[in-house]
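Before any comments, here is the structure.
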Amino acid sequence: MEISLGGENLELIEKLSINAGDIPILVYRPKKYSNNRKTMIYYHGWSSNVENYELFGEIYASNGYQVIMPEIEKHGSRGSANYENFQGALDVIIQSVAEFQDIKNLAINRLNADSSNLTIGGHSLGGMIVSSIFTIDPSVKFGIIFNGLADFELLLESLDSNINNKEREIFLMFNPMDKIDTLDGRFLEIYVGNKDDVISSKAMKLFEEKLQELDIDKSNINFT
């Protein structure tokens, strides 16, 4: 499939539909590059699906990225959930973090991704997934979080939930706030909407405040 976004400087890109095990994946990438591709793995939001992010994939691919977009559990062809109840997202976050290694291996071994130039990005729920993966896997060079949340204790407090102590303990093992020192010297972009009525910008501002308290290199971390 060839897509032209118009304009002399935009690349022709191709779209691929592949699988990593049971995980459906859409890939958008410039046709002119074949090896050592600069690659972004991107996660969509709660109640959405990969097809809704087609324009995103096209735009980043037209600027030189290979964009790998996995379908997350309970979305699209992987089923559905009660999207009115965000408590169901907790298992999805854990599952997505657990699946990342398989997706990264596919990117490097099958899609010629440059292992030294990997970016992960995500929106809303995808931003929460990214915040956890980025603090767990230091091999990822660059992280981009759109309207996400990096304090999983705060997330639990915001839910009208009947989560038991064991479930809470498991979920908090993936809490980025407990691994914030792994951000030392790394590249991270965080975008929040001050008028976002779904995920309050206050959550990431608290993350920024805690980050400022730490004696680590924060010169490559930007909040917008």
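The values are calculated or read from the model by the stated rules, or taken from the named source; none is laboratory data. In this text, all values refer to a predicted model and were calculated from it rather than measured experimentally. Every residue, glycine as well, gets a Cβ built from its backbone with ideal geometry; the counts of neighbours run over all protein chains shown. Side chains included, ligands, DNA and RNA excluded: accessible areas come from the protein's heavy atoms. Shrake-Rupley method; radii C 1.70, N 1.55, O 1.52, S 1.80 Å.
Which values of log₁₀ I(q)/I(0), to two decimal places, follow from the Debye formula for region 106-224 at q = 0.23, 0.24 Å⁻¹ with a uniform point scatterer at every Cα?
Computed log10 I(q)/I(0) values: -1.37, -1.45.
How much of the accessible area of the chain, in percent, comes from carbon and sulfur atoms when a 1.4 Å probe is used?
Of all accessible area on the chain, carbon and sulfur atoms account for 45 percent.
Please work out the average accessible area per residue across region 48-89, using the 1.4 Å probe convention, and give it in Å².
44
So what are the radius of gyration and Dmax for the Cα set of region 121-190, in Å?
12.4, 39
Thinking of region 8-100 as a set of Cα atoms, what percent of all their pairs are more than 17 Å apart?
Of all Cα-Cα pairs in region 8-100, 50 percent lie more than 17 Å apart.
Taking a probe of 1.4 Å, how large is the accessible area per residue of region 108-194, in Å²?
43
What does the convex hull of the Cα atoms come to per residue for region 168-224, in Å³?
91
Taking only the alpha carbons of the chain, what extent do you get along each of the three principal axes, in Å, biggest first?
50, 41, 34
What is the antiparallel percent of DSSP beta bridges lying wholly in region 1-120, to the nearest 5?
Of the beta bridges lying entirely in region 1-120, close to 65 percent run antiparallel.
Of all beta bridges DSSP finds with both residues in the chain, what is the antiparallel percent, to the nearest 5?
If we restrict to bridges inside the chain, about 40 percent are antiparallel.
If each residue of separation counts as 0.36 nm, what is the full-extension length gain between residue 167 and residue 223 once their alpha-carbon separation is subtracted?
Here the segment from residue 167 to residue 223 would lengthen by 17.1 nm.
Using a 7 Å offset from Cα along Cα-Cβ at residue 85, what residues in region 159-196 end up with backbone N under 17 Å from the label point?
It comes to 159-165, 167-168, nothing else.
Averaged over every viewing direction, what's the projected area of the C-alpha convex hull for region 90-150? Give it in nm², one decimal, please.
3.8
Given the pairs 15/141; 32/210; 15/195; 104/166; 32/141, which are separated by over 31 angstrom at their Cα positions?
As for pairs spanning more than 31 Å Cα to Cα, those are 32/210; 15/195.
So what's the Cα pair-distance distribution over region 41-166, bin width 5 Å, in %?
Once binned at 5 Å, the Cα pair distances of region 41-166 give 2, 10, 21, 24, 20, 12, 6, 3, 1, 0.
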